[in-house]
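Just below is one structure, and these are the notes that go with it.
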Amino acid sequence: MKKISCSRNNLKMVLDNLRDGVLAHDLNRRIFYFNKKAEEITGFSRKDVVGRDCHEAFGGPFCGEQCSFCGNALRPSKTSDYSVNITTKKGENRKIEMSVVMMKDEERKNFGVLATFRDITELINLKIMAGKLSEFSSIIGQTPVMIDIFQQIRELAAYDVTVHIHGETGTGKELVARAIHNESNRKGGPFVPINCGALPEGLVESELFGHVKGAFTGATRDKKGRFELAHGGTIFLDEVAELPKPAQVKLLRFLQEGVVEKVGSEKLITVDTRIISATNKILKEEIQKGNFREDLYYRLNVIPLHIPRLAKRKNDIPLLAEHFLKQIAEKNDEKQKKISDETISIMMDYSWPGNVRELENIIQFANIKCKRGVITPDNLPRELTENSFEKKPDRRRSKKLDQESVKDALVRTDGNKTKAAQTLGVGRATLYRFIDDHPDVVPNKT
């Protein structure tokens, strides 16, 4: 017994001196182990959590949306690695890198889950500040304008304020809204997206705020609205400029008082949800046209966030194309195709009126057309190649590079043309064309 006790103490000492946090719970989510590093990262002590349901101990699922013990979620059959945001006991948001594995007994039966995790908050912040991040909360990009958006998302997530996102169709407004939700304290709650322009005419208020039985013909039962469904989480009102005036009045009341009134009812319901709105229209112009309430605009536009069009972040095109090709390969269980430099050059010249959504569609098109391992210009839709040919006569007049600066950039980046283009502040296609006309600028490798 003494040896067993000694072994347990030694094991506890080893686990308590690990650089990673360790949490273990049984199949009923009852925590039975929590090491010192876990206490340090979360701010919760062993006394706070051991013996308690994991969700209750931390005020919600510790793993957020990744929890394998919520509803009908699949239990991890092998090691699962992912990053997730947690809220410490002091209410601070921290990003952790987690590894979860199912524990089995001598008979190979599942008896609990072991999670190890480390705090990567400062690492992420440093990467954002240094412009070294290429993906953040499922958003792809590494141009300065996208790095700035990543930073804004991190800052906005810490405060439960109303955000209004403006950007053209296809720029990824919903993706940004989801990122704000996932980085915030509400991450464990629902994210309810609504396309206000797609709601059935005459049923907008019912869809948003719910109705009671008998409120109108066809209302055969009480129904919860989207706002109620978003209780404890975030509601995303996409194309908010399309809301009719009566719904705007009710939305304004919610923003002022935090209550909703179902259609056909006089009872007020308190709902706790954060509102993120978005539109591709300029709301001030809609106010002048009489289509949008000015007082509602100021309630929604507490924190404005602008998403640039793809034409303003063309250096992200190679990164985005690679991302979409990877997604296609994983979905179809096939080998990922590559994309030629000439194809990238043509894509960089295109104006992208449909933004990132159009780029994704074109990559899917090219992937199907490509019968080899490398996507070439003849795999692209006609509008891209025709656009490229039309631009050729004007290329020389558009150049603003000189041989000395290009050669210096190539030397400093060890011949990496992508990095050199970023250093020079031009698109990769522009640099390729300049090199084609001035091959002497490429340093000789000895």
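Considering only region 31-56, state which residues are in contact (Cβ under 8 Å) with a residue 24 or more places away in the chain, of a type outside the set (Val, Ile, Thr) and closer than 20 Å to Phe111 by Cα.
Matches in region 31-56: Phe32, Asp53, Cys54, His55.
So which residues in region 415-446 are closer than 18 Å to Asp341 by Cα and part of a loop (DSSP other than H, G, I, E, B), if there are any at all?
Gly415, Asn416, Val426, Gly427, His438, Val442
If you check Ser345 against the conditions, is it closer than 27 Å to Pro377 by Cβ and surrounded by fewer than 20 Cβ atoms within 10 Å (Cβ to Cβ)?
Yes.
Confirm whether Phe216 is of a type in the set (Phe, Trp, Tyr) and at pLDDT 90 or above.
In short, no.
Within region 118-148, how many residues turn out to be touching a residue at least 40 places away in the same chain (Cβ under 8 Å), in contact with a helix residue (DSSP H, G or I) (Cβ under 7 Å, 6 or more places away or on another chain) and not small (Gly, Ala, Ser)?
Going through region 118-148 one residue at a time, the tally reaches 8.
Say whether the condition of being surrounded by fewer than 17 Cβ atoms within 10 Å (Cβ to Cβ) and of a type in the set (Val, Ile, Thr) is met by at least one residue in region 234-241.
Checking region 234-241: not a single residue is surrounded by fewer than 17 Cβ atoms within 10 Å (Cβ to Cβ) and of a type in the set (Val, Ile, Thr).
Consider Leu251 carefully, then state whether it is in contact with a Phe, Trp or Tyr (Cβ under 6 Å, 6 or more places away or on another chain), within 30 Å of Thr171 (Cα to Cα), among the aliphatic types (A, V, I, L, M) and modelled with pLDDT of 90 or more.
no
Among the residues of region 253-283, count how many are surrounded by fewer than 17 Cβ atoms within 10 Å (Cβ to Cβ), assigned to a strand (DSSP E or B) and either touching a residue at least 60 places away in the same chain (Cβ under 8 Å) or not assigned by TED's automatic domain parsing to the domain that holds Glu168 (or both).
Residues meeting the conditions: 0.
Could you go through region 250-272 and let me know if any residue there is within 21 Å of Ala198 (Cβ to Cβ) and among the hydroxyl-bearing types (Ser, Thr, Tyr).
No: zero hits.
Just one of Ala321, Ala247 is in contact with a strand residue (DSSP E or B) (Cβ under 6 Å, 6 or more places away or on another chain), crowded, with 16+ Cβ neighbours inside 10 Å and part of a helix (DSSP H, G or I); which is it? Walk me through it before giving the result.
Numbers: Ala247 fails: in contact with a strand residue (DSSP E or B) (Cβ under 6 Å, 6 or more places away or on another chain).
Within the list Ala321, Ala247, the selection yields Ala321.
Taking the conditions exactly as written (farther than 22 Å from Pro144 by Cβ, at pLDDT 80 or above and over 29 Å from the mean Cα position of the chain (by Cα)), does Lys371 satisfy them or not?
Answer is yes for this residue.
Any residue in region 212-231 that is out of contact with any Phe, Trp or Tyr (no Cβ under 6 Å at 6 or more places or on another chain), assigned to a helix (DSSP H, G or I) and farther than 22 Å from Ile180 by Cβ?
no
With modelled with pLDDT under 85 and either touching a Cys at 6+ places or on another chain (Cβ under 8 Å) or hydrophobic (A, V, I, L, M, F, W, C) (or both) as the only criterion, which of Ala157, Ala177 stands out?
Ala157
Just to be sure I understand, how many residues within region 160-207 are among the acidic types (Asp, Glu), within 25 Å of Gly59 (Cβ to Cβ) and more than 16 Å from the chain's Cα centre (by Cα)?
Counting residues in region 160-207 that are among the acidic types (Asp, Glu), within 25 Å of Gly59 (Cβ to Cβ) and more than 16 Å from the chain's Cα centre (by Cα) gives 1.
So which pairs qualify, if the first residue must be in region 204-229 and in the same structural domain as Lys262 (by TED's automatic domain parsing), the second must be assigned to a loop (DSSP other than H, G, I, E, B) and among the hydroxyl-bearing types (Ser, Thr, Tyr), the Cβ gap must be under 7 Å, and the two must be at least 6 apart or on different chains?
Correct list of pairs: Val212/Ser265; Lys213/Thr220; Phe227/Thr273.
The values are calculated or read from the model by the stated rules, or taken from the named source; none is laboratory data. Here the structure is a predicted model, which means the values were calculated and not measured. So basically every Cβ, Gly included, is an ideal-geometry build from the backbone, and we count neighbours across all protein chains shown.
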